[in-house]
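Enquirer: The structure that follows is given in the form of structure tokens.
The values are calculated or read from the model by the stated rules, or taken from the named source; none is laboratory data. Since the structure is predicted, the reported quantities are computational estimates derived from the model, not experimental observations. Note that we place each Cβ from the backbone using ideal geometry, even for glycine, and neighbour counts take in every protein chain shown. Accessible surface areas use protein heavy atoms only, side chains included; no ligands, DNA or RNA. Shrake-Rupley method; radii C 1.70, N 1.55, O 1.52, S 1.80 Å.
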Amino acid sequence: MTPPEPVQAVKQRRDRALASLVSAVPYAQFLGIYFERHGDELTAILPYDEKLIGNPLLPAIHGGVIASFLEVAAIIELSWTTIWPDLEAGRVTPEDMAQNLPRLPKTIDFTVDFLRSGLPRDGYARARVNRSGRRYASVHVEAWQDNRARLFAQATGHFLMPQPG
């Protein structure tokens with residue numbers, strides 16, 4: 001019987017796979033978006049930067065930045081839930097992903113509800129996959145800053161899933 005893989009090796013493998021997945025979205029790097037992972041749960045983080053301000057009089061984060069942040073969170077969550085079983089079973093490795101980045105879902109539509117101004121501070125988002133089939137998926141995203149119970153934006157998106165081959 002083979003001994004189980006050390007927990008640190010499992011964490012490092014998962015983190016490398018997530019980094020490969022996020023690197024497939026160059027705009028995420030431009031905005032500074034990164035993800036924290038706890039098991040299979042992801043939290044997207046948008047660190048505050050002066051370039052994100054759309055209205056310097058308030059100041060408030062630009063609505064396009066907020067919408068992009070939510071869409072990136074949705075796409076990465078959807079992709080992560082899709083590759084998770086293969087990653088855990090060892091059918092896909094982080095090295096495979098770095099060599100051959102996975103095809104990402106394509107946005108069909110994305111509706112954002114701006115609930116309050118995005119203040120000049122870090123933003124956080126969590127996405128939940130409502131439905132994911134072979135061809136179509138539906139995802140809901142919520143974003144907050146200081147208090148998770150006080151959302152500043154939420155969104156629902158529908159995505160065309162990448163076809164194998």
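Enquirer: Compute the distance in nm between two label points, each set 7 Å from the Cα along the Cα-to-Cβ direction, one at Leu101 and one at Leu119.
Expert: The two pseudo-label positions are separated by 3.5 nm.
Enquirer: Tilt of helix 7-22 relative to the longest C-alpha principal axis of the chain, in degrees (0 to 90, nearest 10)?
Expert: Its long axis makes an angle of about 50 degrees.
Enquirer: For region 78-165, with every protein chain kept in place, what is the accessible area per residue (1.4 Å probe, Å²)? Could you put the intermediate results ahead of the total?
Expert: Numbers: 5150 Å² over 88 residues.
Result: 58 Å² of accessible area for each residue.
Enquirer: Still on this model: So what is the relative contact order of the chain, in percent, for Cα pairs below 8 Å that sit 6 or more residues apart?
Expert: 23
Enquirer: Also, quick follow-up: At what distance in nm do the modelled label points of Ala67 and Tyr48 sit from each other, each positioned 7 Å from its Cα along Cα→Cβ?
Expert: About 2.5 nm separates the two model spin labels.
Enquirer: Using mean Cβ contacts within 10 Å as the protection proxy, how do 116-124, 98-106 order, highest first?
Expert: Put in order of decreasing packing, that is 116-124, 98-106.
Enquirer: Rounded to a whole number, what % of the accessible area of region 112-165 do carbon and sulfur atoms account for, probe 1.4 Å?
Expert: C and S fraction of accessible area: 45 percent.
Enquirer: Moving on to the next point. If you average 1/r over all unlike Cα pairs in region 1-106 and invert the result, what Kirkwood radius do you get in angstrom?
Expert: Across region 1-106, the inverse of the average 1/r is 15.2 Å.
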